[in-house]
Each structure stands twice: as C-alpha cells, then as structure tokens.
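Input: a single structure, listed below in structure tokens.
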Amino acid sequence: MISPETAPPASPAAPSSLDDVKGWFPKLDQLLFTWFLERQERLGERGDLVELGSYLGKSAILMGRHLRDGETFTVCDLFDTDAPDDSNQAEMQGSYSTLTRRAFESNYRAFHDRLPEIVQGPTSLILDHVQPETCRFVHVDASHLYEHVRADIEAAHVMLPAGGLIVCDDYRSEHTPGVSAAVWGAVAAGGLRPICVTTQKFYGTWGDADTVQDDLLDWLGTRDDAWHEVQQVAGRRLVRLKGKGATRPYNEAGRLKERLAQAEKRLARSEERLARAQKELEAVRGSVSFRVGRAATALPRALRGGRKA
Ligand SMILES: C[S@@+](CC[C@H](N)C(=O)[O-])C[C@H]1O[C@@H](n2cnc3c(N)ncnc32)[C@H](O)[C@@H]1O
C-alpha cells in the first residue's frame with residue numbers, strides 16, 4: 001500500500017506491540033501468517049524464512065517470532081540506498097523517503113534479541129544470498145513494478161521447495177496493477193496455485209494447495225471473526241477471506257505475555273546496569289579504604305621520620 005491517503009500513523013520511538021510499528025500489515029493477514037507458520041511448525045516442515053520488502057519491520061517482526069533453531073530469516077530491502085531504476089526510485093521517494101535501515105533494526109530489536117540476515121539492496125540480489133529450495137515461507141512485498149515483482153516471484157519459486165508458501169502483497173490494489181499482472185501471470189502460466197486471498201495479500205504454493213485449503217477451511221469453521229467464501233479461479237479452488245471483525249492473532253493473554261516479556265527484558269537490562277554500578281562503587285570504596293588505610297599507617301612513620309629529622 002503506498003498511496004498517501006493510506007499512509008499509516010507515525011510510530012512511537014520504542015514500539016512495545018506490533019500495533020506501534022508503522023507499516024502495512026492488516027490484522028487478518030497477521031492472523032493468517034501466524035496460522036500458516038504455526039501449521040508448518042505443527043507438521044514439522046522446516047526451512048528458512050525470507051521477506052522481500054520489510055520497510056520498518058511490521059511483518060518481519062511477526063515472521064521472526066516463528067523462526068526455529070537452525071533456521072535463517074533473511075530480509076531484503078533497499079532501505080536508504082538507491083533503487084535500481086528510475087521508476088523504482090520514484091516509488092521509493094514517493095512512499096518511503098524517510099526509511100532507514102537503522103529504524104528497521106531498532107524496531108526489530110525491540111522484539112527480538114537477534115536481527116535477521118539483512119540484504120540491503122535490490123531484491124534481484126536475493127538468490128546470491130539464499131540457496132534454492134531452502135525456504136518454507138517467502139513474503140513478496142517490495143517493488144510494485146511488474147518486471148520486479150515477476151522476478152521476485154520467480155526467485156521465490158527457486159527458494160521454495162514444492163510445499164513452500166509464497167505470500168504476495170498488493171496483488172489487487174488499484175495503484176499496483178503491475179503486482180496483479182505478475183501474480184496472476186504466475187498462476188496462469190507459472191504453475192503457482194492459489195490457496196487464499198485477502199483484501200491485501202495473495203497466498204499460494206507450487207505444491208499441494210488442496211490439503212492446505214482443507215486445513216484452512218476447517219480452521220475458519222472454528223472462527224467467527226473472519227468471513228470467507230470459496231470460488232473457482234482458472235479451474236482451481238480459491239478461498240476468499242475478508243477481515244471484518246478479525247481479531248488479533250494473539251489473544252489478550254498473548255499480548256499481555258508479550259508486554260510482560262518486554263518489561264522483563266527492560267528489568268534485566270536495569271539489573272545489569274545496577275550490578276555494574278554496584279561493582280564500580282565497591283571498587284571505588286575498596287581503593288578509598290586502601291588509600292586511607294595506607295595514609296593512616298604511613299602517618300606515624302612520617303611523624304617518626306619528622307622527629308628523626
Ligand atoms: C510496502 S513496503 C513493505 C511493507 C512491510 N512488509 C510491512 O509489513 O510494513 C515495501 C518495501 O520495499 C522496499 N523496496 C522497494 N523496491 C525495492 C527493491 N527493488 N528492492 C528491495 N526493496 C525494495 C521499500 O524500501 C519498502 O521498504
């Protein structure tokens with residue numbers, strides 16, 4: 001989403017929940033990312049995570065929560081470097097002119113101890129950093145220009161094994177026809193199978209979409225906060241979701257847990273600082289009493305020496 005009317009409000013300095021991070025990541029998509037990533041975890045599907053286009057980290061922060069031991073999370077964004085061509089540069093200046101890598105990093109660090117692997121540059125570089133068929137989840141959310149998005153989808157196809165999941169942002173927005181053309185082109189001619197769509201994102205796979213859809217429909221049947229219907233598109237089943245009333249991916253208890261974890265981190269940092277200050281104080285006290293002690297024992301000798309002289 002890039003039009004100024006839809007620009008999100010400014011972030012506060014230190015975000016304590018995802019809501020505080022400026023970006024474009026609707027609640028329904030937060031809910032779906034969480035469901036897809038947790039499903040992969042439940043089924044023991046392992047693999048790396050990749051995000052093309054991270055901006056200030058809103059979706060990256062959520063993805064990073066699902067990283068397991070031995071897996072790598074790579075994000076690729078231009079951040080504050082130049083775009084590879086004029087149209088992309090115009091897009092950057094129009095929509096992300098104040099973006100810096102430092103701002104992404106500081107947001108990400110507010111939620112995670114370790115930063116992801118960061119490729120700062122055009123997404124055309126991603127295959128220099130990620131090996132073929134090593135990923136389980138790729139989020140394509142960078143340039144909105146047809147040639148770039150088509151190449152990003154092709155790169156995702158290389159990075160994902162057959163069962164991996166691709167999510168494409170802005171596949172239907174009025175101001176991003178290039179993304180729509182690239183996404184539906186991949187469906188029509190590139191073997192990409194749609195799983196579901198929301199107002200903002202397209203979810204698909206080059207593997208078995210039917211089983212994922214069956215699980216998704218089962219899960220949707222248990223929820224009353226996400227409206228859905230099933231359509232046929234180009235001979236394939238497609239679940240269409242609407243986010244009206246969709247709740248957050250975490251319940252209130254989950255959110256409180258997150259805030260508690262943040263508070264605990266801050267407390268641990270304060271305790272570390274306090275321990276360091278106490279050590280310094282002890283050291284100063286030690287050296288003061290040592291010097292005072294030496295001065296006290298040296299005094300009679302000096303006095304004695306004085307008498308001698
Ligand atoms: C819509 S924003 C990403 C939103 C983000 N995923 C979120 O959750 O808020 C698009 C991002 O793509 C980046 N970008 C645009 N063109 C790019 C390119 N050719 N290569 C890499 N990153 C690009 C921009 O810097 C911007 O941060």
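The values are calculated or read from the model by the stated rules, or taken from the named source; none is laboratory data. Keep in mind that this is a model prediction, so the values were computed, not measured. Here the Cβ is made from the backbone with ideal geometry for all residues, glycine too, and neighbour counts use every protein chain on show. Heavy atoms of the whole protein, side chains included, go into the accessibility calculation; ligands, DNA and RNA do not. Shrake-Rupley method; radii C 1.70, N 1.55, O 1.52, S 1.80 Å.
Quick notes
- A cut-off of 5 Å between modelled amide H atoms, ignoring neighbours fewer than 5 places along the same chain, links residue 119 with 75, 76, 77.
- Between residue 225 and residue 71, the simple spin-label model (points 7 angstrom out along Cα→Cβ) gives 2.3 nm.
- Using the empirical formula 2.2 N^0.38 Å as the baseline, the Cα radius of gyration of the stretch 84-137 reaches a ratio of 1.40.
- Computed from the C-beta positions of residue 114 and residue 280 and an R0 of 25 Å, the FRET efficiency is 0.30 to the nearest 0.05.
- Tensor-based shape of the stretch 4-248 (alpha-carbon gyration tensor, a/c under 1.5 rounded, otherwise prolate or oblate): rounded
- Ordered by 1.4 Å accessible area with all protein chains kept, 100, 222 run largest first as 222, 100.
- Pairs over the 30 Å Cα-Cα cut-off, from the set 22/279; 242/265; 201/265; 22/265: 22/279; 242/265; 201/265.
- Relative to the globular-protein estimate of 2.2 N^0.38 Å, the Cα radius of gyration of the stretch 18-158 stands at 1.01.
- Shown is the FRET efficiency for residue 189 and residue 232, computed with R0 = 22 Å from the Cβ-Cβ distance and rounded to the nearest 0.05: 0.75.
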